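One structure is given here, and the rest of the page talks about it.
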Amino acid sequence: MNNIYKIMACLLVMLTMVAVTSCDDSDSWEPGPQPAANNPGVYFDQKTPGVIEVEANQQGVLLKDYFNIKLGRDEMKATSALQVPITIHYAESNLTVSKTVDFEAGEATALLKINIGEFEFSKQYALSIE
């Protein structure tokens, strides 16, 4: 009998905790601003890794002296060609980033080319773009 009272008291305490912490009836949420109609919806591909490794042969020569970062745009707005400026927040001196990326008419993806100058093996070079 004593266990039944303890179980009932425990359930009452849990019910009180749920009632106290549950949501109230006020709906204070407001939607954010809608993007402008002329906003092309350009974005960096989420599959782009945070660290990109560039391959070299055994003599230390890069197989490609550049790498590409994939960008996308809203497919519903991909009917015309589009040139998007790239904001470079920071880039090491041996990295050359294109100032713009061009989307062809009808294409929802484009590649941003980043050239690599002189480099040291096993050293990471930083880059921050928008």
If you take the residues in segment 76-90 that are under 18 Å from the mean Cα position of the chain (by Cα) and not polar (S, T, N, Q), which one is nearest to K123 (Cα to Cα)?
Y90
Can you find a residue that is within 30 Å of E120 (Cβ to Cβ) and in contact with a Lys or Arg (Cβ under 9 Å, 6 or more places away or on another chain) anywhere in segment 29-44?
yes
Check whether at least one residue in segment 36-51 is surrounded by 10 or more Cβ atoms within 10 Å (Cβ to Cβ), touching a residue at least 40 places away in the same chain (Cβ under 8 Å) and touching a helix residue (DSSP H, G or I) at 6+ places or on another chain (Cβ under 6 Å), and report yes or no.
yes
Some residue of segment 97-105 being at pLDDT below 90, within 30 Å of N38 (Cα to Cα), under 20 Å from the mean Cα position of the chain (by Cα) and of a type in the set (D, E):
no
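The values are calculated or read from the model by the stated rules, or taken from the named source; none is laboratory data. Quick caveat: nothing in here was measured; it's all calculated off a predicted structure. Because the Cβ atoms are built from the backbone with ideal geometry, glycine has one as well, and the counts that use them run over all protein chains shown.
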